[in-house]
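Presented below is the structure to which this report refers.
No lab work stands behind these numbers, since they all come straight from the coordinates. Just so it is clear, the structure is predicted and the values come from calculations on it, not from any experiment. So basically every Cβ, Gly included, is an ideal-geometry build from the backbone, and we count neighbours across all protein chains shown.
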Amino acid sequence: MKVPIEVTVNGRQYRHEVEPRLLLVDYLRDTLDLTGAKIGCDTSQCGSCTVEMNGTAMKSCTCLAVQADGSTITTIEGLAVDGLHPIQEAFWNKHGLQCGFCTPGMIMAAKELLRNNPSPSPDEVRHGLEGNICRCTGYTNIVKAVQEAAAVMGGAS
């Protein structure tokens, strides 16, 4: 038995009938072809599937698509509207990515961090991104990237 859902993703409204057990990350990737959110662990430990739902960063591997019914979702693809988002640009400028697998989740988590703390210290960035794992261990440049984004977006870091 399929369940109807209606979501707004990256400003576009979608209606589908989905299996009740379909994970949001699978819905985004397989139904909407938005592959920026990665499937890294399926246990909410790595953060590579992080998206924004109703204004809050969340790990899309821990949410069923039916639970997102009526929600507004932004994926990494939805950040670059008129060019790169300042956080994306800062990751590029400061080499805050290596293999890139964690990058979408890191950027989405950094977006929430900067919304809540527009001028984080390096330790606050590290703490704010806990739960997002970089397998390449590129944390130093990720912290620098988030701090550059904070400065560009109006924080004083």
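Within the chain, how many Lys pairs that are eight or more residues apart, or on different chains, come under 18 Å at the alpha-carbon? Pairs that pass both the separation and distance tests number 6. Remark on Leu23: its backbone amide H falls under 5 Å from those of Ala65, a criterion applied only to residues 5 or more positions apart or on other chains, H modelled at 1.01 Å from N.
Ranking of Asp82, Asp69 by neighbouring Cβ atoms within 10 Å, starting from the fewest: Asp82, Asp69. Once C-alpha pairs closer than 8 Å and six or more residues apart are averaged by separation and normalised to the residue number of the chain, the relative contact order reads 24 percent.
Bridge orientation summary for the chain: considering DSSP beta bridges with both residues in this region, about 90 percent are antiparallel. For the chain, leaving out every one of the trypsin sites (Lys or Arg not before Pro) that falls in a DSSP loop and has at most 13 other Cβ atoms within 10 Å, the longest unbroken run is 22-134. Within the shell of other residues whose beta carbon sits under 14 angstrom from the beta carbon of Leu22, the net charge comes to -3, with Lys and Arg scored +1 and Asp and Glu -1.
Its relative contact order, with pairs defined as Cα atoms under 8 Å and 6+ residues apart, puts the stretch 86-152 at 53 percent. Note that the stretch 3-78 carries a Kirkwood radius of 11.9 Å, evaluated over its alpha carbons pair by pair. Counting every other Cβ atom within 10 Å of each residue's Cβ, Ser44, Ser121, Ser60 order from fewest to most as Ser121, Ser44, Ser60. Sorted into 10 angstrom bins from 0, the C-alpha pair distances of the stretch 86-152 split as 26, 64, 11 percent. If both residues of a DSSP beta bridge must be in the stretch 3-78, then about 90% of such bridges are antiparallel.
With helices as the sole contributors, the chain gives -8000 deg cm²/dmol at 222 nm; each DSSP H run of n ≥ 4 counts as -39500 (n - 2.57), and the sum is divided by every residue. All Cα-Cα distances of the chain, cut into 5 Å bins from zero to the largest, leave 2, 10, 19, 22, 19, 13, 8, 4, 2, 0, 0 percent in each bin in turn.
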